[in-house]
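Participant: If you scroll down you'll find the structure; I have some questions about it.
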Amino acid sequence: MRKISKDNSPKKIIAKSTTALTCLLSAAVIYAGLNDANATTTSGSFTINTDVGNSCALSLSGNISFGAYVPATASRATTTLYANCTTGTIGTITITNALDSAYDEFKLVRSGGNATVSADYLWSTFSKTTFGKTAYGSDLLYLGSNSFSAAGTGSEASIGTIYGRVASGQFSRSVGAFTRAITLVVTY
């Protein structure tokens, strides 16, 4: 009978176990590689679509601020109108507010005042060509009369200048801050 020393026994078993494990892992890797070589694939496709429609965004360089009104002279101020329309969009830009007089004027109303009381409003006009006003607003930026035209280029562009004027001679007005919100609309 042969004796095996304690020192030799674990080394042999460990070596045998490691060799068996290496063989098992190698066989698994080879088998997996053979399966990938036999894999079948199928392809498909899908469509991506959208539409670009007519669209415009309007902006101004700032509000029209007349500063302190002196009744002996007309007050004048301007702002620059910008439009950013999709390429190919053609639009017409006008003021849509209803006029407050037969002379194509708008009322700037005193803060806290009443638009029907003459002391509480100032007459004003807005046009695209001049500070002055011809009879019945022939230069007025209103409902298509002298409207701005916008041709879309896909980037913001200066369309023109809006001229504002508060008429002189309005001596009987009350002290205060006078304002008016004006709405611009682009039709395309």
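Participant: Residue by residue through the stretch 155-180, note down the ones that are farther than 25 Å from T73 by Cβ and either in contact with a helix residue (DSSP H, G or I) (Cβ under 9 Å, 6 or more places away or on another chain) or outside any strand (DSSP E or B) (or both).
Facilitator: S155, E156
Participant: Among the aliphatic types (A, V, I, L, M), touching a strand residue (DSSP E or B) at 6+ places or on another chain (Cβ under 7 Å), farther than 19 Å from T179 by Cβ and in the same structural domain as S147 (by TED's automatic domain parsing): which single residue out of A77, A72, A102, A83 fits that description? Walk me through how you get there before you give the answer.
Facilitator: Numbers: A77 fails: farther than 19 Å from T179 by Cβ; A72 fails: touching a strand residue (DSSP E or B) at 6+ places or on another chain (Cβ under 7 Å); A102 fails: touching a strand residue (DSSP E or B) at 6+ places or on another chain (Cβ under 7 Å).
On inspection, the qualifying residue turns out to be A83.
Participant: How do the pairs read when you match residues in the stretch 117-130 that are closer than 23 Å to T96 by Cα with residues anywhere that are crowded, with 22+ Cβ neighbours inside 10 Å and among the small types (G, A, S), using Cβ under 7 Å and keeping only pairs 6 or more apart or on different chains?
Facilitator: Correct list of pairs: S124/G164; F126/G164.
Participant: Something else about it: Residue by residue through the stretch 78-114, note down the ones that are surrounded by fewer than 18 Cβ atoms within 10 Å (Cβ to Cβ) and of a type in the set (A, V, I, L, M).
Facilitator: Of everything in the stretch 78-114, those that are surrounded by fewer than 18 Cβ atoms within 10 Å (Cβ to Cβ) and of a type in the set (A, V, I, L, M) turn out to be I90, A98, L99, A102.
Participant: Mind listing just one residue for me: the one in the stretch 36-62 that is of a type in the set (V, I, T) and at pLDDT below 95 and, of those, nearest to K128 (Cα to Cα)?
Facilitator: Applying the first criterion (of a type in the set (V, I, T)) to the stretch 36-62 yields 40-42, 47-48, 50, 52.
Applying the additional criterion that residues be at pLDDT below 95 yields 40-42, 52.
Numbers: T40: 70, T41: 66, T42: 64, V52: 30 Å.
The residue in question is V52.
Participant: Give the residue that is nearest to N84 (Cα to Cα), with candidates limited to residues of the stretch 162-175 that are surrounded by 13 or more Cβ atoms within 10 Å (Cβ to Cβ) and either out of contact with any Leu (no Cβ under 7 Å at 6 or more places or on another chain) or among the aromatic types (F, W, Y) (or both).
Facilitator: Y163
Results for (1) among the aliphatic types (A, V, I, L, M); (2) within 16 Å of T183 (Cβ to Cβ); (3) modelled with pLDDT under 90; (4) not assigned by TED's automatic domain parsing to the domain that holds T80, shown as yes or no for each residue.
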{"residue": "R110", "(1), (2), (3), (4)": "no, no, no, no"}
{"residue": "A115", "(1), (2), (3), (4)": "yes, no, no, no"}
{"residue": "S118", "(1), (2), (3), (4)": "no, no, no, no"}
{"residue": "Y121", "(1), (2), (3), (4)": "no, no, no, no"}
{"residue": "T130", "(1), (2), (3), (4)": "no, no, yes, no"}
{"residue": "L140", "(1), (2), (3), (4)": "yes, yes, yes, no"}
{"residue": "N146", "(1), (2), (3), (4)": "no, no, yes, no"}
{"residue": "G152", "(1), (2), (3), (4)": "no, no, no, no"}
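The values are calculated or read from the model by the stated rules, or taken from the named source; none is laboratory data. None of the values given here were measured: they were computed from a predicted structure. When we count neighbours, we look across all protein chains shown, and the Cβ atoms used for this are built from the backbone with ideal geometry, even at glycine.
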